Amino acid sequence: QLQSGAFGSAAETYERAIRLGYSRPSRCHNGAGVALSLMGGEYDRAALEQFSMAIELDAKDPRVYHNRAAVYKRLNRFSEAARDAAVANLMDPTDTITRRLAALSAAEVCAVKIQAMVRGKQARRVAIARASSRQS
């Protein structure tokens, strides 16, 4: 169903397998998360919940961390994306896509911090200029 683009149906199938007691529920949660993340937009939060449940059940699957990192990155939650991508990268250092995701997310975290510092400096300059113009 995922390959045919029937993402909603795929997510429902994974959730049904969980309810029926499939022996590897972490894989079902990961699959449901992938399907929901492919739907994007309003489904991203539900995808994050599915990935988090998968991690609670099996914290040793780097694919789940990678998948959750990709959604965090898409939501501009760069710190969380960098953390999950780094965990996935530690578990499977041969995965070049995860390594790139970790590097990009870490770079985004730095860029956001730099932008905040620049905005802070600009705000201080404006406040100083206003204060000095009032004193004149």
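The values are calculated or read from the model by the stated rules, or taken from the named source; none is laboratory data. Fair warning: this is a prediction, and the values are worked out from it, not measured in the lab. Here the Cβ is made from the backbone with ideal geometry for all residues, glycine too, and neighbour counts use every protein chain on show. Only protein heavy atoms, including side chains, enter the accessible area calculation; ligands, DNA and RNA are left aside. Shrake-Rupley method; radii C 1.70, N 1.55, O 1.52, S 1.80 Å.
List of remarks:
- Residue 71 among the β-branched types (Val, Ile, Thr), open to solvent by less than 60 Å² (accessible area, probe 1.4 Å) and closer than 19 Å to residue 13 by Cα: no
- Considering residues of the stretch 9-36 that are closer than 15 Å to residue 63 by Cβ and either in contact with a Lys or Arg (Cβ under 8 Å, 6 or more places away or on another chain) or not in a helix (DSSP H, G or I) (or both) only, the residue modelled with the lowest pLDDT: 24
- For the stretch 94-110, the condition of being in contact with a Leu (Cβ under 6 Å, 6 or more places away or on another chain) and at negative phi holds for none of the residues.
- Within the stretch 77-136, the set of residues being over 21 Å from residue 44 (Cβ atoms), of a type in the set (S, T, N, Q), open to solvent by 50 Å² or more (accessible area, probe 1.4 Å) and part of a helix (DSSP H, G or I) comprises 96, 115, 122, 132, 133, 135.
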